[in-house]
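Enquirer: For reference, the structure I am asking about is given below.
The values are calculated or read from the model by the stated rules, or taken from the named source; none is laboratory data. Here the structure is a predicted model, which is why all the values come from computation and not from measurement. Reconstructed Cβ throughout: ideal geometry from the backbone, glycine too, with neighbour counts over all protein chains shown.
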Amino acid sequence: MGRSRSAPRSKAWLRAASVCAALLLLAGVPPASAHERKASGPYTLTIGWGDEPAFTGFRNAVEVDVVETAGGAVPDLTGATMTVDVSFGDQHVTLPMRPAFREPGKFRAFLVPTRAGTYSFHFSGTIKGLAIDATSTCSDTTFACVADVAAIQFPAKDPSTGQLAERMDRALPRAEGSSSNASTARTIAIGALVVAALALAVAVRSRKASKVG
């Protein structure tokens, strides 16, 4: 009887321990970063940010992994050249893609995104004499769009450098308008003083002339 009671308890304890161990393992697994795969000739490009999620004001990198579509192997990248045109709205910048240190097949171009929103990457270049051409735009199904860093700030949400720049852009026209108005007022005041001085001079001369007469 003693053995029959202890056996179920032992099994229950083992099941509980297994569940706890599984939960701990799952908790320690970092979430997979979002990237998009694009085919270009015989190659497959896996495209995304180096660090995701991506936030404004933090150094990040446009990242692409290159493999041969047929065999999934990293091709011979000797002499390979690649650039990426990063676009945000109507603004563009072209950056060279550099091979990642000790990570075969991976290329990176570092930058600091300063505005939250939608970014697009257009890759071009050659690998083993074959042209590379691929475009990817951030979305829920490709790679992460850039988020405002205020979303993760605590306890105070400080304005980013981009937000400060936008505030300065809005404030400068008002300041210039105020300066222009002040300059106009000064000009009018100076003109009024000159007119008053001339009138006074004329009055003094008239009085002198009347005395002499």
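Enquirer: Has the range 137-158 got at least one residue that is in a strand (DSSP E or B), modelled with pLDDT of 95 or more and closer than 17 Å to LYS38 by Cβ? Outline the logic, then answer.
Expert: Step one: filter the range 137-158 for residues in a strand (DSSP E or B), giving 137, 146-147.
If we keep only those that are modelled with pLDDT of 95 or more too, we end up with 137, 146-147.
From the residues that got through so far, the ones that are closer than 17 Å to LYS38 by Cβ too are 137.
Scanning the range 137-158, I find at least one residue that is in a strand (DSSP E or B), modelled with pLDDT of 95 or more and closer than 17 Å to LYS38 by Cβ, so the answer is yes.
Enquirer: Ok, one more. Which ones in the range 63-122 are among the aliphatic types (A, V, I, L, M), farther than 19 Å from SER40 by Cβ and assigned to a strand (DSSP E or B)? I'd like the intermediate steps shown before the answer.
Expert: Looking only at the range 63-122, we keep the residues that are among the aliphatic types (A, V, I, L, M), and these are 64, 66-67, 70, 73-74, 77, 80, 82, 84, 86, 93, 95, 97, 100, 109, 111-112, 116.
Next, from what is left, pick out any that are farther than 19 Å from SER40 by Cβ: 93, 111-112, 116.
If the condition is that a residue be among the aliphatic types (A, V, I, L, M), farther than 19 Å from SER40 by Cβ and assigned to a strand (DSSP E or B), then VAL93, LEU111 are the ones that fit.
Enquirer: So which of PHE121, PHE55 is in contact (Cβ under 8 Å) with a residue 12 or more places away in the chain, surrounded by 17 or more Cβ atoms within 10 Å (Cβ to Cβ), among the aromatic types (Phe, Trp, Tyr) and more than 19 Å from GLY162 (Cβ to Cβ)?
Expert: Details: PHE55 fails: more than 19 Å from GLY162 (Cβ to Cβ).
Going through PHE121, PHE55 in turn, just one is in contact (Cβ under 8 Å) with a residue 12 or more places away in the chain, surrounded by 17 or more Cβ atoms within 10 Å (Cβ to Cβ), among the aromatic types (Phe, Trp, Tyr) and more than 19 Å from GLY162 (Cβ to Cβ): PHE121.
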